Amino acid sequence: MNKVYECVEDLIHTLDETQEENIAKAAQLFAESLKAGGMLQAFGSGHSQAGASELCFRAGGFIPTKQIKEPAGGAYEGIEGVGTSFMKKVDIRSNDVLVLISNSGRNPLAIEMAIEAKKKGAKIVVITSMASTTVLPSKHSSGKNLYQYGDVVIDNCVKEGDAMISLEGLDTEICGMSAITTAMIIQAAVLKTAEILLAQGIVPPVFKSQNIIGGAEYNDKLVAKYFDRIYHI
């Protein structure tokens, strides 16, 4: 078997064994936000953008979601003050949940986004590598890493440095896995959220694929309810 498949299988088992409770806690926050008319918003800098996109505006996902996109693409994520300034333009409200994805959790951008979002009353879900963030010093003057601001913290279960596979003749590990485990975490939380809402008699607003008959029309009707929030930072 390809080593990537073996590694992913092991990681899925680890997530199932260690993170189910945290995923359930995140799902409860998601459900409460959707019931209250809030938005599920997600942000990741650099490659962590992939994880943020897994939650937002996709087939099989919830309609009131938004991926926050910082114009510099994370080029200044290590500079203190950038996140504070950026958040002045971001529409975060008290009934929202902000999912912040960062493998290291040490850069000021995401930390300041968490600080400012909490000031507005939003709940924070952090997805990070606990193996990395607990050994790396913060780059923010608070001295704290991102997970210390989370209402719920989910460990993506990858090792320090993200890459997980060793090969003879190569002096560094290969194949980063955080995007894969983050995607699994997000989808597990979406499923649990839908189950919570349906058990309460609430049908969650879910995107259909644009590529099935009637999908686009179905989505357009539901998107209209959230138009003023989805299409703004």
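The values are calculated or read from the model by the stated rules, or taken from the named source; none is laboratory data. Only a predicted model underlies this, so the values are computations on that prediction, with no experimental measurement involved. Because the Cβ atoms are built from the backbone with ideal geometry, glycine has one as well, and the counts that use them run over all protein chains shown. Note: accessible area is taken over every heavy atom of the protein model, side chains too, but ligands, DNA and RNA are not part of it. Shrake-Rupley method; radii C 1.70, N 1.55, O 1.52, S 1.80 Å.
At 1.4 Å probe size, with the rest of the protein present, what percent of the exposed accessible area of region 1-128 is carbon and sulfur atoms?
49 percent
In region 168-233, what percent of the accessible surface is made up of carbon and sulfur (1.4 Å probe, ligands and nucleic acids excluded)?
60 percent
For a quick check of your reading of the filter: which GluC sites (Glu not before Pro) in region 31-95 sit in a DSSP loop and have no more than 16 other Cβ atoms within 10 Å?
Those satisfying the criteria are Glu80.
Suppose every Lys and Arg Cβ carries +1 and every Asp and Glu Cβ carries -1, with no other charges. What dipole size does region 78-232 come out with about its Cα centre, to the nearest 20 debye?
Magnitude of the dipole: close to 720 debye.
Students often get this wrong, so check it: of Lys25/Lys144; Lys25/Lys221; Lys118/Lys221; Lys69/Lys118, which have C-alpha atoms separated by over 27 Å?
Result: Lys25/Lys221; Lys118/Lys221 exceed 27 Å.
Report, for region 89-219, the % of DSSP beta bridges that are antiparallel, rounded to 5.
Of those bridges, close to 20 percent are antiparallel.
With a/c under 1.5 counting as rounded, go ahead and sort region 34-98 into rounded, prolate or oblate using the C-alpha gyration tensor (a ≥ b ≥ c being the square roots of the eigenvalues; past the cut-off, prolate if a/b is larger than b/c, else oblate).
Cα axes put region 34-98 in the oblate bin.
With unit charges on the beta carbons (Lys and Arg positive, Asp and Glu negative) and the dipole taken about the Cα centre of the chain, which residue among Met184, Ala24, Phe227 sits farthest to the positive side?
Phe227
Given 0.36 nm per residue, what is the gain on full extension from Glu9 to Glu195 after removing their alpha carbon distance, in nm?
Difference between extended and current length: 64.5 nm.
Quick check for you: with a 1.4 Å probe and neighbouring chains kept, what is the accessible area per residue of the chain, in Å²?
Per-residue accessible area for the chain comes out at 49 Å².
At a probe size of 1.4 Å, how large is the accessible area of Thr172, to the nearest 10 Å²?
Taking all protein chains as shown, Thr172 has close to 80 Å².
Please state the relative contact order of the chain as a whole percent: Cα pairs under 8 Å, 6+ residues apart?
Value for the chain: 24 percent.
Quick one: divide the alpha-carbon radius of gyration of the chain by 2.2 N^0.38 Å and tell me what you get.
Normalised by 2.2 N^0.38 Å, the Cα Rg of the chain equals 1.02.
Can you give me the span-like helices of the chain, meaning DSSP H runs with 24 Å or more of Cα extent along the axis and Kyte-Doolittle mean at or above 1.0?
Span-like helices, by this rule, are 178-199.
Which values, in whole Å and largest first, are the semi-axes of the equivalent ellipsoid of region 151-233 obtained as the square root of 5 times each eigenvalue of the Cα gyration tensor?
Working through the eigenvalues yields semi-axes of 37, 18, 13 Å.
Using a simple charge model, +1 on the beta-carbon of Lys and Arg, -1 on the beta-carbon of Asp and Glu, nothing else, what dipole does region 141-233 show about its Cα centre, in debye to the nearest 20?
In debye, rounded to 20, region 141-233 gives about 560.
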